[in-house]
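Undergrad: A single structure is presented below for examination.
The values are calculated or read from the model by the stated rules, or taken from the named source; none is laboratory data. Bear in mind the structure is a predicted one, so any value in this text is a computation, not a measurement. Don't worry about glycine lacking a Cβ; one is built from the backbone with ideal geometry, like all the others, and counts go over all protein chains shown. Just the protein is used for accessible areas: all its heavy atoms, side chains included, with ligands, DNA and RNA removed. Shrake-Rupley method; radii C 1.70, N 1.55, O 1.52, S 1.80 Å.
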Amino acid sequence: MDPSSPVADLTALYIQEIGALLFGLVFFFLYRQSKVVYFGLWAIAWALRLLATFFGFELLRTQHAGWLAPYATFEFAFAIVLISAARAGFASSMRDWRTVLRLIAILPIFVAVVWAYGFYRRMDAYHASHALLLGFVYLYNFFTLRKAVGVGARIFRFSLVVLAAAFFEHAGILLYLVSQHDAPRWALYLHHETYIEFALHCVLAFSAMAMWSESQIDRVRDLLGELDHLRRERKHSLDLDRLTGLLNQAALAHMVEQPAEYEGVVVVCDMDNFKDINDRYGHLIGDEILRNIGNLLQSSIRHEDQAFRWGGDEFVILFHDQRTEVAARRMAGIEQRLSDFRVRGVGVLPITFSWGTAETHGRALREALDEADRNMYTFKRARAADGATRTRPHGG
């Protein structure tokens, strides 16, 4: 087939129609999936380009300059929408329509100039000016998307700058051929230029798909991070005692089941005569006492230590990497503060509790916990027998 023949021109036009339809569907799909205005405007632009090719077909078929006006209208509308896309960026809405409205306002003037220019110089000069315009539009898109990140975005921007360079080259070559009055070579170049433009726009469309895929991967990664955060928070909330805010019995049982050795001191403490307090003042006062004791224990230990409500009025404290002497001093300080314990509506209500300690010495946590529990009950029985209010606990 002779590329300079009308049939070859129609073939090039068919390629433009197929490309406009294909690229429009790609960007419409991306818009539906992402709701990004930039992709939506590109889909609209390609729809306008598809309409322009229909008028271009009539222009080529009839060789009547009257078809040039609607053809130029939709081609220029294609450029306007791409400028709008560049100004919108990857936002979810269009913030500034003023530039777009100004461009639309000069559309009739542009169409009249293009029609007169095409009527006087025929289609060769029109294609040169149109290529120059698209070169600037694609270059503008390239610069406005400079903050886009990711491999897909870089390929997309690279495609834009290559397309801009290609259009500038097309404009220069076409203007040269027009000045030489070389119609056959002009038609031949325009025929091949259509294939080059189609290939470059394919790269642009696929890079847009890659850009969307990267955004989806980032979104999935963010969702997984949020899900992991919620899972940790949920697990933490399941490990907390609702009344005291301390770790609960299930959390302690989980730690006890761990095979790793624990280094430090285990303290088991139990309130003295808490049943009598409940019977005298009621369970609401008893709950308030337990809640305040939980706050006191939590504020009296280090960040790396842990306090548990083992059940009822019994508590467990794990002092990491500490010795019995240090743990005993801390427990004496807590007991001193409980001696001036105040309850709303009751006043001063001294609280005493018995406690026992055990060092792990490289043993499993369960063994140290059992020893501290035995020491606590030994201390409680000794206190009850002696009638004392404060006695030094038995250490392990």
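Undergrad: Give me the one-decimal nm value for the distance between modelled label points at H303 and E17, 7 Å along each residue's Cα-to-Cβ direction.
TA: 7.0 nm
Undergrad: What does DSSP give for segment 204-352 in terms of the percent of beta bridges that are antiparallel, rounded to the nearest 5?
TA: The antiparallel fraction comes to roughly 95 percent.
Undergrad: Which aspartates and glutamates have a Cα lying under 14 Å from the Cα of K147, excluding residues fewer than 8 positions away in the same chain?
TA: Answer for K147, where 14 Å is the Cα cut-off: none of the aspartates and glutamates qualify.
Undergrad: Now for a separate question. For segment 256-352, give the percent of accessible area contributed by carbon and sulfur heavy atoms, probe 1.4 Å, rounded to a whole number.
TA: Of the solvent-accessible surface of segment 256-352, carbon and sulfur hold 47 percent.
Undergrad: Work out the length of the dipole vector of segment 215-298 about its Cα centre, built from +1 on the beta-carbon of each Lys and Arg and -1 on the beta-carbon of each Asp and Glu, and round it to the nearest 20 debye.
TA: I would put it at about 340 debye.
Undergrad: Counting only residues 5 or more places away or on other chains, whose amide H sits under 5 Å from the amide H of Q322 once H atoms are built in the peptide plane?
TA: Those qualifying (amide H under 5 Å, at least 5 residues apart or on another chain) are G264, V265.
Undergrad: Below 8 Å, C-alpha to C-alpha, sequence gap of six or more: please give me the relative contact order for segment 225-332 in percent.
TA: Dividing the mean separation by the residue count of segment 225-332 yields 36 percent.
Undergrad: So, with +1 on the Cβ of K and R and -1 on the Cβ of D and E, and no other charges, what is the size of the charge dipole of segment 227-377 about its Cα centre, to the nearest 20 debye?
TA: Its charge dipole is roughly 520 debye.
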